[in-house]
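A quick write-up on the structure given underneath.
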Amino acid sequence: MGLSRLSSTEGENAFSIEYTSWLMEHPSALDKLEQMMSITKGRKIVIFLDYDGTLSDIVPNPEEAFMTHKMRRVLREVANHFPTAIISGRQREKVQDFVQLNNVYYAGSHGLDIEAPLNHTTNFDDMDNEVVLHQPAKEFLPEKHKVFNLLSERTKSIKGVNIEDNKFCISVHYRHVLAKDLGTLENMISTVLKEYQNFRVSKGKMVFEIRPNIGWNKGHALEYFLEYLGFGTSDDVFPIYIGDDRTDEDAFNVLRKRGQGFPIVVSATPKDTKALYSLREPKEVMEFLLGLVVRSNNTSST
Ligand SMILES: O=P(O)(O)OC[C@H]1O[C@H](O[C@H]2O[C@H](CO)[C@@H](O)[C@H](O)[C@H]2O)[C@H](O)[C@@H](O)[C@@H]1O
């Protein structure tokens, strides 16, 4: 359980005391698997996952945040057992490219670009599958291009800045920016956003996340998927959301408000979160997902 893992991985340092007490409030989801499976009896489990830091390790280069083959195998199994959606800050197509599974639903741009199961409005994706696209910030695309170009131009002088175009959102990575230049970068972003007040900025892991200033976030995307899957107001659903970053907090909040399911934060250090449970790293996420599959197989064979 949590404590044994702690002593083997962290050693007896001052920090582990803080982590241990945080763990009491956000117990390891691995330790709660049995309990969770008994609560879910008769309910439909639906899985929601963030990508970076949840399905793939955080790495210095965003282009290299690959998922392991093992994680992909587990995810495929999970999605064969339960409806599964990935809700990422990245461009949706980019996540699809990393994940390469067609039994998973995808949302990109922090939930602003949803490819949902087929319902009334029909589109076709690259593989000619019928899908429903929900893109509530479509009208902001031309402006987003301008913000992207302006930011790229103005931040050129700062070494280490990496600006990622996430379709409806923009990520300004500062992982490789010198500490002395950070203030300048922040000022540049706020100057640009003063000119484009339809956009706002928040902070992620060594990244400034810029997105249209509309009332739509990962929490709304989660609700949208539930609605489409037919569980909008249902009591018979048990949604599990696993994520590691600030934008995932909106989805944790939705689960807390619905009083349903398991909000799980991925973190090996104490952090302020609305999640009720925790997992330390993507490897534990994989273990947890595998645990769900195994237990679900056991239940159906008894
Ligand atoms: O919602 P997510 O799927 O978690 O996406 C959030 C951002 O993740 C990526 O950036 C983060 O991961 C990178 C790769 O490990 C890392 O280099 C970076 O420092 C992290 O912030 C992604 O590149 C962003 O576009 C996403 O918005």
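Rule-based calculations on the coordinates, nothing more; no lab input. Nothing here was measured: the structure is a model prediction, and the numbers come from that model. In this analysis, Cβ positions are derived from the backbone assuming ideal geometry, glycine residues included, and neighbour counts consider all displayed protein chains.
Miscellaneous remarks
- Rounded to the nearest 0.05, the FRET efficiency derived from the C-beta distance between ARG258 and GLN35 at R0 = 22 Å is 0.70.
- Note, ³J(HN,Hα) from phi for segment 201-208, Karplus 6.51, -1.76, 1.60, rounded to Hz, x at Gly and Pro: 10, 9, 9, x, 7, 6, 8, 9
- Straight-line reach from LYS257: taking Cα to Cα under 16 Å and skipping same-chain neighbours fewer than 8 places apart, the lysines in range are LYS218, LYS274.
- Under a 5 Å amide H cut-off, with hydrogens placed 1.01 Å from N, ILE86 pairs with LEU49, TYR105, TYR106, ALA107 among residues at least 5 apart or on other chains.
- Between ILE158 and ARG76, the C-beta separation translates, for a Förster distance of 51 Å, into a calculated FRET efficiency of about 0.80.
- The ranking of HIS176, HIS110, HIS69, HIS81 from fewest to most other beta carbons within 10 Å of each one's beta carbon is HIS69, HIS176, HIS81, HIS110.
- Counting only DSSP beta bridges whose two residues both lie in the chain, roughly 50 percent are antiparallel.
- The calculated pair-distance distribution of segment 36-115 uses every alpha carbon pair, bins of 10 angstrom beginning at 0, and gives 18, 50, 25, 6, 0 percent.
- Neighbour-count ranking [beta-carbon atoms within 10 angstrom, fewest first] of ASP181, ASP248: ASP181, ASP248
- Prolate/oblate/rounded label for segment 202-282 (Cα gyration tensor, a/c 1.5): oblate
- Proportion of all alpha-carbon pairs of the chain beyond 35 Å (%): 20 percent
- Label zone at LEU182 (point 7 Å along Cα-to-Cβ), backbone N below 19 Å, segment 243-257: 245-247
- Orientation-averaged projected area, Cα convex hull of segment 150-233 (nm²): 6.4 nm²
- Segment 190-215-segment 147-167 distance, computed between alpha-carbon centres (Å): 13 Å
- The GLU195 and ASN102 beta-carbon pair, evaluated with R₀ = 45 Å, returns a calculated FRET efficiency of approximately 0.65.
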